[in-house]
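Below you'll find the structure, written out as structure tokens, and then a few comments.
The values are calculated or read from the model by the stated rules, or taken from the named source; none is laboratory data. What you see is a predicted model; the values in this text were computed from it and never measured. Cβ coordinates were reconstructed from backbone atoms using ideal geometry, including for glycine residues, and neighbour counts include every protein chain displayed. We work out accessible area using only protein heavy atoms, side chains counted, and drop any ligands, DNA or RNA first. Shrake-Rupley method; radii C 1.70, N 1.55, O 1.52, S 1.80 Å.
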Amino acid sequence: MKTLDDFRAVYRLPLAELILKAAAVHQRHRNYADIQRCELLSIKTGGCPEDCKYCSQSAHYDTPVDRQPLLTVEEVREKAEAARERGATRFCMGAAWRQPKDGPEFDRVLDMVRVVRELGMEACVTLGMLTDSQAERLKDAGLTAYNHNLDTSRRHYPEVITTRTYDDRLNTLKAVSRAGISVCSGGILGMGETEDDRLMMLCELAQLDPPPESVPINCLMPQTGTPLEMAPKVDSLEIVRLVATARIAFPKSRVRLSAGRDRMSRELQVLCFLAGADSVFFGEKLLTAPNPHENADEALFRAIGVSPSRGEPATAP
Ligand code: SAM
Ligand code: DTB
Ligand code: SF4
């Protein structure tokens, strides 16, 4: 699948056919019993110079989020250990930066990556734009993946963010790949985009070489004080269709059902797993916004018969 027409043709299949097709791809390339748990931690919160209209951490909007300077390595170690206890296999750290500045703070982030790797988890960070040398240093520290979302289509992008361009975004993804780090890149549904915008975003991701190792599909979590605070909820079956299309386009990637699960029913999430989602953010908090309670997620995974923490079929409940 490379062209927009390819994506439209798949996305518009009758729903049952689309899901069955995605499920067949999933069964061939992935493992239904393996739903990855990732935990998120905001290592530097708020006061971001970018103007992303969805974000509670942008300094351009008056939001209830408190600013917090870069955490210490010890604080991160504690959170990462707790995440590992809960069965997380990937620990993702986010900083509200336009781009990291070389110096003591970047060095501290490198130490955070080392700590997470020492704990035996995959380490992912999302720090904004990167230079080649920063990407190389992250790689040397053992970083597994770098998250940097395209967020939406090229044409819709300026409606959402004006302080950096789509090409800035793509250039960072290229620097990440050049350094030999896996790319984690996806987007957000529910920011006033059209069906074609969503498909164009997947189509852009499909042009990357190599394709992203993981594709997060976020649903907008409307944040008080941001321009998108009143945006309507995304239609459930449109989420399922996009997840299925992503699975078919990226047979070997993790498709991560990301932000917005707190407003999804169990049944909708199960449909997304059936359609090829094989990763979630676990734990009660994303970066600043809430996520389903871990007990509810445990119960959901038990009910569907997978033990995501170990990537094996669950023993009898
Ligand atoms: N500052 C870095 C950057 O933007 O690349 C990293 C942190 S940023 C919060 C990471 C991603 O979270 C964004 O690209 C966006 O896709 C997602 N995100 C942020 N706020 C969101 C919201 N309110 N709802 C859904 N997804 C959101
Ligand atoms: C991604 O695609 N989603 C995560 C992660 N990558 C960094 C972030 C979701 C953020 C949700 C809003 C918040 O917590 O502030
Ligand atoms: Fe800053 Fe990232 Fe939020 Fe944009 S999404 S305002 S870059 S923290």
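Check off (1) within 18 Å of ILE43 (Cβ to Cβ); (2) open to solvent by 40 Å² or more (accessible area, probe 1.4 Å); (3) away from ligand 2 (no atom under 16 Å from the Cβ); (4) touching a residue at least 12 places away in the same chain (Cβ under 8 Å) for GLU118 and give me the number that stays unchecked.
Of everything listed in (1) within 18 Å of ILE43 (Cβ to Cβ); (2) open to solvent by 40 Å² or more (accessible area, probe 1.4 Å); (3) away from ligand 2 (no atom under 16 Å from the Cβ); (4) touching a residue at least 12 places away in the same chain (Cβ under 8 Å), GLU118 misses just condition (4).
Do you know which of the residues in the stretch 79-113 that are in a loop (DSSP other than H, G, I, E, B) and free of Cβ contacts under 8 Å to residues at least 40 places away in the same chain is farthest from the chain's Cα centre (by Cα)?
By that ranking, first place goes to GLY103.
Before we move on, is GLN36 within 12 Å of ligand 3 (Cβ to nearest atom) and under 22 Å from the mean Cα position of the chain (by Cα)?
No; evaluated as a whole, the condition is false for this residue.
Do we find a residue being of a type outside the set (A, V, I, L, M, F, W, C) and in a helix (DSSP H, G or I) anywhere in the stretch 142-152?
The answer is no; no qualifying residue exists.
Would it be correct to say that LYS285 is within 16 Å of ligand 3 (Cβ to nearest atom) and of a type in the set (D, E, K, R)?
Yes, satisfied.
Can you tell which of SER56, SER42 is of a type in the set (Gly, Ala, Ser), within 11 Å of ligand 2 (Cβ to nearest atom) and not in a strand (DSSP E or B)?
None of the other options fit; the residue is SER56.
Quick check on my filter: what residues within the stretch 158-179 are more than 22 Å from LEU286 (Cβ to Cβ) and either within 16 Å of ligand 2 (Cβ to nearest atom) or among the hydrophobic types (A, V, I, L, M, F, W, C) (or both)?
Passing the criteria: LEU170, ALA175, ALA179.
Taking only the stretch 45-77 into account, find how many residues are of a type in the set (Lys, Arg) and within 21 Å of PRO222 (Cα to Cα).
2
Do we find that ASP102 is open to solvent by 10 Å² or more (accessible area, probe 1.4 Å) and more than 29 Å from THR226 (Cβ to Cβ) in this structure? Give the steps one after another, and end with the answer.
Numbers: open to solvent by 10 Å² or more (accessible area, probe 1.4 Å): yes; more than 29 Å from THR226 (Cβ to Cβ): yes.
Taking the combined requirement at face value, the residue satisfies it.
Suppose we filter the stretch 1-18 for residues that are in a helix (DSSP H, G or I) and either out of contact with any helix residue (DSSP H, G or I) (no Cβ under 8 Å at 6 or more places or on another chain) or open to solvent by 20 Å² or more (accessible area, probe 1.4 Å) (or both); how many remain? Explain how you work it out, then say what you get.
Step one: list which residues in the stretch 1-18 are in a helix (DSSP H, G or I), which gives 4-11, 15-18.
Filter once more, so that each one left must be either out of contact with any helix residue (DSSP H, G or I) (no Cβ under 8 Å at 6 or more places or on another chain) or open to solvent by 20 Å² or more (accessible area, probe 1.4 Å) (or both): 4-6, 8-9, 15-17.
Going through the stretch 1-18 one residue at a time, the tally reaches 8.
Just checking, does the stretch 63-77 include any residue being surrounded by 16 or more Cβ atoms within 10 Å (Cβ to Cβ), touching a residue at least 60 places away in the same chain (Cβ under 8 Å) and under 27 Å from THR152 (Cα atoms)?
yes
Could you say which residue among LEU237, LEU228 is among the aliphatic types (A, V, I, L, M), within 28 Å of THR63 (Cα to Cα) and over 18 Å from the mean Cα position of the chain (by Cα)?
Criteria check complete, one pass: LEU228.
Do we find that ALA83 is buried (at least 21 other Cβ atoms within 10 Å of the Cβ) and touching a Phe, Trp or Tyr at 6+ places or on another chain (Cβ under 8 Å) in this structure?
Answer is yes for this residue.
More than 15 Å from ligand 2 (Cβ to nearest atom) and not in a helix (DSSP H, G or I): is that true of TYR32 in this structure?
yes
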